[in-house]
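*Asks:* Below: one structure in structure tokens.
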Amino acid sequence: MKSRPWELRRQVLWLQTVTVAVLIAMVWMTLLTRARAQADHDAAAVGVAPPSWPELLEPELRSMLGIASLMLGVAVAGNALVSWRVRRATRGMGTQSLAWMLEFYEGVLHAAREGLVLLDEDGRVRLVNDEARRLLGLRQVPADATIDDLDLPAVLADLLREGRTAYDELHLGAHGVLVVNQLPAHSGKGRIVTLRDHTQLQALLGELDAVRSLAESLQAQNHESSNRLHTVVSLIEIGRPERAREFAVSELQLAQAMTDRVVGTVADPVLASLLLAKLAQAQERGVLLALDVGAEPLNTRLPAQDLVTVVGNLLDNAIEAARGGPAPRRVELRARTTAEAIDLAVTNTGAELGATELAHMFDRGWTTKSESGHGLGLILVRGTVERWQGSLVVDPDSELDELPALTVRVRIPRAVVGSA
């Protein structure tokens with residue numbers, strides 16, 4: 001970019017030289033015009049012939065050269081000052097380099113798949129690229145807009161207002177979870193905020209966790225199946241083949257009945273697979289998961305990713321809560337679809353939550369687990385439900401088979417789902 005460091009200085013020098021030349025010519029013309037008029041007036045007053053131009057220029061030449069030298073000196077000093085100031089501001093780059101760099105940076109800002117937001121020292125938005133608009137759900141950003149004008153989620157807006165340095169923090173955006181970094185500018189004036197979409201990675205992690213849970217459940221069932229097979233063999237060895245047949249058939253019928261019931265009543269294959277995996281996961285963790293999906297086929301028509309996000313995270317949290325609570329450990333999922341809405345209710349008999357925990361359970365980072373890496377499931381549920389213009393209600397005073405329980409109810413309007 002600095003291959004032509006004198007380009008801008010030459011252009012400034014050329015412009016100032018032309019300007020000084022024009023000014024000198026105008027001053028000389030003004031002086032000569034006044035001198036001619038004065039000489040003609042004096043000659044007419046004494047009755048003599050007016051002097052010629054050479055005679056008129058000779059006494060004025062010294063003063064004219066002095067004025068020209070003074071103006072030229074001022075121009076040279078001004079050129080040096082302006083060139084120094086411009087080179088300092090542009091870091092020695094010429095006009096072509098500046099134009100090329102501007103075009104290059106504009107192309108990068110539009111093509112980058114990472115959101116970029118520039119804030120000045122007063123917290124006003126100076127730049128928002130295309131990806132940042134998409135991630136934050138912004139259509140238009142007014143000139144000199146403040147953070148409050150962007151209508152961002154409360155936690156993300158607080159981070160931008162505080163201006164503190166942040167590295168890879170997870171926040172809720174318009175379409176899911178964002179990885180947010182905030183650093184001060186090198187000049188110390190303003191801040192640079194970068195945004196990356198974390199939703200797809202989070203969805204993959206959720207699916208991986210479901211597969212891992214299913215694998216663990218299969219290992220547990222493999223161990224249980226070995227015990228049952230040994231029981232069947234032992235019954236045959238002691239001369240009780242009929243009892244062995246009844247024992248084996250009853251276990252198969254119970255498992256097949258549950259699978260047939262889920263597949264027969266849940267029209268969405270993604271939801272059916274998810275529920276079967278959660279049934280195995282709950283059984284492996286010592287929690288009884290009951291499904292109540294009604295007699296009519298359940299078809300939510302929600303995108304598979306949103307379905308896994310809402311149902312999967314609600315069941316995961318309910319199973320973990322029931323697992324840490326007193327026996328009997330139970331979880332129930334009630335799901336209904338009507339012409340007006342999709343209604344989901346997840347109830348668990350886990351430990352009772354206090355008023356403070358209930359108030360913050362859908363905030364970023366809230367979790368009852370001591371391990372790191374948790375606290376995103378419920379905020380993903382909230383973000384998905386809000387995106388579909390639904391409602392999310394927590395009932396801490398519900399009951400499940402006369403046991404104290406907590407219920408999370410989700411209602412999503414059918415009209416919104418149908419218009420998507």
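None of the figures in this text is laboratory data; all of them are computed from the coordinates on show. Bear in mind the structure is a predicted one, so any value in this text is a computation, not a measurement. Quick reminder, even Gly has a Cβ in these numbers, built from the backbone with ideal geometry, and neighbours come from all protein chains shown.
*Asks:* I need the peptides 182-190, 17-25 ranked by packing, meaning the mean over residues of other C-beta atoms within 10 angstrom, with the highest value on top.
*Replies:* 17-25, 182-190
*Asks:* If you don't mind, another one. What order do you get for 349-357, 383-391 when each peptide is scored by the mean count of other beta carbon atoms within 10 Å, highest first?
*Replies:* Going from most to least packed, we get 383-391, 349-357.
*Asks:* Could I have the simple spin-label model distance between residue 112 and residue 238, label points 7 Å from Cα toward Cβ, reported in nm to one decimal?
*Replies:* So the label points at residue 112 and residue 238 sit 7.4 nm apart.
*Asks:* Next question, about the same structure. In vacuum, with every alpha carbon of the stretch 102-188 counted as one equal point scatterer, what does the Debye formula give for log10 I(q)/I(0) at q = 0.11, 0.13 Å⁻¹? Two decimals, please.
*Replies:* -0.29, -0.40
*Asks:* Let me ask something else about it. Karplus couplings for the stretch 377-386 from phi (6.51 cos²θ - 1.76 cosθ + 1.60, θ = phi - 60°), rounded to Hz, Gly and Pro as x?
*Replies:* Residue by residue, the stretch 377-386 yields x, 6, 5, 5, 4, 4, x, 5, 5, 5 Hz.
*Asks:* Here is a follow-up. List, in order, the whole-Hz ³J(HN,Hα) value for each residue of the stretch 330-340 obtained from phi through the Karplus relation with A = 6.51, B = -1.76, C = 1.60 and θ = phi - 60°; use x for Gly and Pro.
*Replies:* The phi angles translate into 9, 9, 9, 10, 10, 9, 9, 10, 10, 5, 9 Hz.
*Asks:* Quickly rank 119-129, 139-149 as a protection proxy: mean count of other C-beta atoms within 10 Å, highest first.
*Replies:* Ranking, from highest mean packing down: 119-129, 139-149.
*Asks:* If I model a spin label at residue 402 and residue 215 as a point 7 Å from the Cα along the Cα→Cβ vector, what separation in nanometres do I get?
*Replies:* Each label point lies 7 Å from its Cα, and together they span 4.4 nm.
*Asks:* Could you list log10 I(q)/I(0) for the stretch 274-336 at q = 0.18, 0.24, 0.28 Å⁻¹, which the Debye formula gives when each Cα is one point scatterer?
*Replies:* Log10 I(q)/I(0), no solvent term: -0.66, -1.04, -1.25.
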